[in-house]
Structures are given as structure tokens and as C-alpha cells.
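The values are calculated or read from the model by the stated rules, or taken from the named source; none is laboratory data. Quick caveat: nothing in here was measured; it's all calculated off a predicted structure. As a convention, Cβ positions derive from the backbone with ideal geometry for all residues, glycine included, and neighbour counts pool all protein chains shown.
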Amino acid sequence: MRLPEHGLAEAVALAAALPDLEVVGSEIVRLPKPHAGHLFGTGKMEELGARLQELEIELVLVDGPVTPVQQRNLEKEWKVKLLDRTGLILEIFADRARTREGVLQVELAALSYQRTRLVRAWTHLERQRGGLGFVGGPGETQIEADRRAIDEQMVRIRRQLAKVVKTRELHRASRRKVPFPIVALVGYTNAGKSTLFNKVTGADVLAKDMLFATLDPTMRGVTLPSGRKVILSDTVGFISELPHQLVAAFRATLEEVLEADLILHVRDISHPQSDAQAADVEDILDKLKVDDDVPFIEVWNKLDLLSEENHAATALQAERRDDVCAISALTGEGFEALLLEIEQRLGEERLNEELHLPFADGRRHAWLHAENVVRDEAQSKEGWVLQVEWTASQKGRFNAL
């Protein structure tokens with residue numbers, strides 16, 4: 001079970017991830033029952049309003065869902081801008097997106113969210129305010145016009161995204177021809193994936209003690225101790241209660257995980273809510289429909305932050321499990337064992353080759369398809385031209401037929 005204190009700490013860390021934002025205070029407000037129109041009861045709303053005015057607060061963040069009506073009423077009452085958890089995460093994603101696809105996905109998710117913020121208002125209220133320039137209007141006609149404009153914009157962005165995704169699919173298809181397995185790093189945001197990625201690859205990905213430091217997937221080649229080459233992919237960090245708009249919009253970004261030959265689930269083992277965070281990651285992987293057959297290693301990171309006693313106990317616990325490696329991405333502790341485990345989990349190296357089989361060789365042709373090693377097939381005058389991806393042992397069995 002998530003403790004409110006840890007939820008609040010995460011919310012503060014989320015706020016700190018936005019540039020030029022100073023967090024001047026935070027507190028847990030217990031609500032027996034959320035008020036339909038104002039979220040808080042009248043007394044609590046007035047009390048908070050007085051404190052906000054005294055501190056000259058301009059932005060209030062609520063770590064949870066706030067309905068469009070509640071947002072409008074609280075902004076009017078407190079004379080501040082208000083963002084709920086979804087709005088805040090969208091703001092961070094908008095600030096972090098770097099690739100064309102990332103930017104388009106954020107815009108699409110923001111528009112989807114913005115569409116739900118259009119509130120009917122029977123009086124001439126000021127135009128609604130929210131993250132990413134969310135707008136509403138006074139009166140049904142204005143709302144309908146805004147909704148239509150948003151829908152048209154979403155259609156345009158989806159078309160642009162389709163082109164970008166098609167281009168990336170071509171890149172991925174060309175990468176498939178390179179016989180390097182893909183190892184994807186996944187994990188809760190701020191678990192240390194980018195630090196591990198940098199340490200292993202020698203890359204310089206933004207690695208800060210900050211939520212959502214990495215947004216766009218980054219890929220680099222890595223040579224394992226045996227000399228075998230693999231591609232390591234760093235992905236966006238997962239988070240509890242990830243807005244559903246973002247699960248859908250960022251599915252394409254996380255497709256690198258669906259393509260992976262091995263998944264490394266990086267956990268901040270020093271975090272008091274490490275188990276709950278791991279459950280959130282596994283839940284999102286389920287939603288992404290990641291194949292259960294893909295090998296999976298849990299990487300217990302941040303050993304360096306544990307006390308001497310906990311460090312020893314955690315390392316011993318990891319040793320007793322064959323699906324866990326305990327490391328410190330910062331100091332490099334446990335790296336050697338992790339790289340060996342990666343090597344072992346990937347199994348035999350796969351080779352890409354072109355075969356020419358005469359039409360008379362139907363038995364061997366059928367064997368290749370039964371082994372599921374044929375990636376492409378064409379016909380010449382003499383027979384089949386096959387692009388196969390197989391292991392050395394499969395090649396040996398084929399030659400023996």
C-alpha cells in the first residue's frame with residue numbers, strides 16, 4: 001500500500017522536474033469525501049486560500065484527479081493557476097520531449113486532456129487557465145467550436161505521427177538486418193536507468209536525480225565481455241497512475257520494449273516504496289502486452305545508498321535468485337555479474353544469412369519455416385531465395401539434413 005507521505009514526496013519531485021518552478025510548500029490534505037464542485041470543503045478551501053494569498057502563490061498542484069468544474073471553481077476562488085497530476089506530467093513531458101515523435105505525442109496527449117477541460121459556463125467567466133495553454137469558453141457555442149478545433153488538430157497530428165512512425169519503422173527494419181539483440185532498460189522514473197545506460201555505453205544521456213529526466217528512447221551499441229555486440233535502449237520512466245492519455249500516446253515510444261530480446265527492469269532498491277514501484281512497472285508492461293517469453297532480469301540498483309547491513313542482506317538476497325542482479329550504477333558495483341547474466345540470458349548469438357534452395361529441396365524449405373527462422377522469402381528461376389535469422393546450432397542441424 002502506498003503511504004500518503006511517499007506519494008507527496010513523489011509529487012514534490014515531479015514539481016521540481018519543471019524548470020523555473022520553486023516549490024514553497026506541500027502538505028497532505030485528508031478528504032473524507034471530495035466535494036463535487038470545489039474538491040475541498042468550504043472551510044478547508046477558505047483556509048488554504050488565505051495561506052496561498054499570504055504566500056503570494058501563483059500555481060497550485062494537486063496530486064490526484066481534479067475535475068474540470070473543480071479546477072475552474074478553485075482557480076476562480078483562489079485566483080491562481082491549478083494543475084492536477086495529469087496536467088503536471090503533461091507539462092513535464094512537453095518540456096522534455098526532444099525528438100519529432102516525442103513532441104507530437106506530447107501534443108496529442110495534451111489535446112486529448114485539454115478536450116476534457118472544456119467546461120460549460122452559463123456566466124461570462126474569464127477564459128479557463130491550465131497547463132499547456134488549455135482553453136475553455138463562456139457558453140455552449142464556444143465550447144463546441146473549441147472542441148471541433150481540438151478534434152481537427154488531433155487528426156492533423158495523428159497524420160504527422162503516422163508518417164514519423166513509418167520512418168522509424170524503416171529504421172527499425174534496417175536495424176533488424178544487423179544481427180544485434182536489443183536489450184531494453186525499463187523501470188520506475190528516477191530508478192537510475194540513464195546512469196546505468198551511460199556507465200555501460202559511455203554515452204552522455206541526461207542523468208539527474210530528477211523524475212522523467214529521460215523522455216525519448218536512446219539507443220547505443222554495447223560490446224559484452226565475450227566480444228558479442230548488443231543494442232542497449234534507454235526508455236522513459238514509468239510512474240504510478242500514469243495518465244491514460246500518456247499510456248496510449250507513448251505506446252510508440254515504448255515499442256522499443258516490445259521489440260526487445262531482453263528486458264532489464266531497473267529498480268531503486270533503496271526506495272521505501274520499491275516493491276510498489278515495481279508493481280506499477282509490471283502493470284504498464286502488461287498493458288503494453290509485452291511477450292511473456294522475453295527474458296527478464298530485475299536489476300536492483302542504488303546499492304550505494306543502503307546501510308552496510310542492508311547492503312550485505314540485499315546483495316545476498318539477489319545472489320539467491322537467478323532473475324536478479326544487485327548493482328550500483330554510480331560506483332559500478334555488480335556490473336561484471338550483470339553483463340555476464342545478460343550474455344547468458346540472450347542465449348546463442350543469432351546470424352543473418354541468405355540461402356538459395358532449389359524447388360526440389362522442399363523438405364529443407366519446410367524445416368526452415370517450422371523452425372521459424374525465415375525473415376523474408378522470394379523466388380528466382382532456380383528456386384527459393386531466403387533471408388534467415390538463426391543460431392549456429394540451427395545452422396548445423398540444417399546442414400545435416
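In table form, for the structure just shown:
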{"item": "Qualifying residue in segment 383-394 (condition: loosely packed, with under 14 Cβ neighbours inside 10 Å and modelled with pLDDT of 90 or more)", "result": "no"}
{"item": "Subset tally (residues that are within 33 Å of the chain's Cα centre (by Cα) and without any contact (Cβ under 8 Å) to a residue 12 or more places away in the chain) for segment 342-383", "result": "3"}
{"item": "Residue check, V165 surrounded by 12 or more Cβ atoms within 10 Å (Cβ to Cβ), at pLDDT 85 or above, β-branched (V, I, T) and under 19 Å from the mean Cα position of the chain (by Cα)", "result": "no"}
{"item": "Residues of segment 322-338 classified as in contact (Cβ under 8 Å) with a residue 12 or more places away in the chain and either surrounded by fewer than 18 Cβ atoms within 10 Å (Cβ to Cβ) or more than 19 Å from G187 (Cα to Cα) (or both), total", "result": "8"}
{"item": "Residue list for segment 122-162, restricted to those being more than 16 Å from L82 (Cβ to Cβ), buried (at least 18 other Cβ atoms within 10 Å of the Cβ) and at pLDDT below 85", "result": "G137"}
{"item": "All positions within segment 258-288 that are in a loop (DSSP other than H, G, I, E, B), in contact with a Leu (Cβ under 7 Å, 6 or more places away or on another chain) and in contact (Cβ under 8 Å) with a residue 60 or more places away in the chain", "result": "D261"}
{"item": "All positions within segment 146-157 that are among the charged types (D, E, K, R) and either out of contact with any helix residue (DSSP H, G or I) (no Cβ under 7 Å at 6 or more places or on another chain) or outside the structural domain of A109 (by TED's automatic domain parsing) (or both)", "result": "D146, R148, D151, E152, R156"}
{"item": "Test: residue in segment 384-397 that is free of Cβ contacts under 8 Å to residues at least 60 places away in the same chain, of a type in the set (F, W, Y) and not in a helix (DSSP H, G or I)", "result": "yes"}
{"item": "Residue among F197, F250 that alone is modelled with pLDDT of 85 or more and among the hydrophobic types (A, V, I, L, M, F, W, C)", "result": "F197"}
{"item": "Residue match in segment 294-304 (condition: surrounded by fewer than 18 Cβ atoms within 10 Å (Cβ to Cβ), outside the structural domain of G396 (by TED's automatic domain parsing), at pLDDT 90 or above and in a helix (DSSP H, G or I))", "result": "yes"}
{"item": "Members of segment 347-383 found to be over 30 Å from L224 (Cα atoms), out of contact with any helix residue (DSSP H, G or I) (no Cβ under 7 Å at 6 or more places or on another chain) and in a strand (DSSP E or B), listed by number", "result": "H356, P358, E377, A378, Q379, G383"}
{"item": "Count of segment 73-107 residues which are within 21 Å of K33 (Cβ to Cβ) and in contact with a Leu (Cβ under 7 Å, 6 or more places away or on another chain)", "result": "3"}
{"item": "Top-ranked residue of segment 1-53 - restricted to ones that are touching a residue at least 60 places away in the same chain (Cβ under 8 Å) and in a loop (DSSP other than H, G, I, E, B), ranked as surrounded by the fewest Cβ atoms within 10 Å (Cβ to Cβ)", "result": "M1"}
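Here's the yes/no breakdown for (1) without any contact (Cβ under 8 Å) to a residue 12 or more places away in the chain; (2) in a helix (DSSP H, G or I); (3) surrounded by fewer than 18 Cβ atoms within 10 Å (Cβ to Cβ):
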site: E75; (1), (2), (3): no, yes, no
site: L83; (1), (2), (3): no, no, no
site: G87; (1), (2), (3): no, yes, no
site: L90; (1), (2), (3): no, yes, no
site: G102; (1), (2), (3): no, yes, no
site: Q105; (1), (2), (3): no, yes, no
site: S112; (1), (2), (3): no, yes, no
site: R115; (1), (2), (3): no, yes, yes
site: L118; (1), (2), (3): no, no, no
